[in-house]
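As structure tokens, the structure follows; a few thoughts come after it.
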Amino acid sequence: MAELKSMQLYSNVDRIYNELKELGYSDSDDLKVEDVSRFDSLHYHGVQAVDEAIQRFSIGKDTRVLDVGSGIGGPARYLAWKTGCHVTALEIQRENHDIGRDLTARCKLGERVQHVCGDIMDIDLGHDSYDLVTSWLVFCHIPDKKKVSQRCLEHLKPGGNMFVEDLFALRDLTEVSEDIQLNYFDLANVQDYKQHVTDSGFINVQVEDLTADWKEYVQQRFDTFVSSEERHVRVHGRPTYQALHSFYSSIVRLF
């Protein structure tokens, strides 16, 4: 966990409060999910990616979802707000967990979103308890893809599903090994990744390659970020800007 915290993306996660102040919120105001969701996702394409999961799995008010690696709770809150489902937001990093719980309370979603600080590799949230496990850009930090998939499967009801958006290796990554180490990635190739999930007990494992779309996304994210340097430094300060610049540029190099 300490290693993940040193990632530039996670070093200043409380920056979301700066963005909310820009929108006119005080530190104690109730929040609108549609405002918070502009800033609270750490994966690609924000709520658009969550909407895809909602549509693909027909998530509704009776669906129980386990979101593994929930960050500051963006996908969990959006799922609960958009569909009325119940979400357990599992996050290993205490600061992310605390911020997520605070934002959820201020969005008045505490009855639909339960925040839990823990590690999917050893926590027990109840076998056969969930209809769907979701995870966005988390398994890429976990070396044992088979075990993490097994742990997710144990929490699913019979006939349940898992939806994972993640990174995998398409080529030899020696030339970007420093970027991989800085971001604590453990990237399997797509064939091995799929086999690990299958070996864990999942059936009908399907893979969709989003490389072209994500490559364009991360480049546009970086370009937009740099073009708004003055604004970001004003809102967040130079150290936070530099940390995010370093992270966004390293991801561009990986693609």
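Of all residues in the range 217-255, those being touching a Phe, Trp or Tyr at 6+ places or on another chain (Cβ under 8 Å) and open to solvent by 60 Å² or more (accessible area, probe 1.4 Å) number 2.
Yes/no matrix, rows are residues, columns are (1) in contact with a His (Cβ under 9 Å, 6 or more places away or on another chain); (2) assigned to a loop (DSSP other than H, G, I, E, B); (3) under 20 Å from T240 (Cβ atoms); (4) open to solvent by 60 Å² or more (accessible area, probe 1.4 Å):
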{"site": "N12", "(1), (2), (3), (4)": "yes, yes, yes, no"}
{"site": "E19", "(1), (2), (3), (4)": "yes, no, yes, no"}
{"site": "L31", "(1), (2), (3), (4)": "no, yes, no, no"}
{"site": "I54", "(1), (2), (3), (4)": "no, no, no, no"}
{"site": "V65", "(1), (2), (3), (4)": "yes, no, no, no"}
{"site": "I72", "(1), (2), (3), (4)": "yes, yes, yes, no"}
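Being of a type outside the set (A, V, I, L, M, F, W, C) and open to solvent by less than 40 Å² (accessible area, probe 1.4 Å) is a description that does not apply to R171. If the requirement is being buried (at least 20 other Cβ atoms within 10 Å of the Cβ) and either polar (S, T, N, Q) or over 15 Å from the mean Cα position of the chain (by Cα) (or both), which of these qualifies: C152, C140? So the residue among C152, C140 that is buried (at least 20 other Cβ atoms within 10 Å of the Cβ) and either polar (S, T, N, Q) or over 15 Å from the mean Cα position of the chain (by Cα) (or both) is C152. Among residues that are modelled with pLDDT under 95, open to solvent by 40 Å² or more (accessible area, probe 1.4 Å) and out of contact with any Leu (no Cβ under 7 Å at 6 or more places or on another chain), D199 is not included. Number of residues in the range 97-128 that are assigned to a loop (DSSP other than H, G, I, E, B), of a type in the set (G, A, S) and open to solvent by 30 Å² or more (accessible area, probe 1.4 Å) equals 1. In the range 79-121, the residue that is nearest to V133 (Cα to Cα) out of those that are among the β-branched types (V, I, T) and without any contact (Cβ under 8 Å) to a residue 40 or more places away in the chain is V87. Picking from residues in the range 168-184 that are closer than 14 Å to P143 by Cβ and without any contact (Cβ under 8 Å) to a residue 60 or more places away in the chain, the one that is nearest to the chain's Cα centre (by Cα) is F168.
The values are calculated or read from the model by the stated rules, or taken from the named source; none is laboratory data. Everything numeric in this text was worked out from a predicted model, so none of it was measured. Heads up, the Cβs are rebuilt from the backbone with ideal geometry, glycines too, and the neighbour counts pull from every protein chain shown. Heads up: the accessible areas ignore ligands, DNA and RNA and are worked out on the full protein's heavy atoms, side chains in. Shrake-Rupley method; radii C 1.70, N 1.55, O 1.52, S 1.80 Å.
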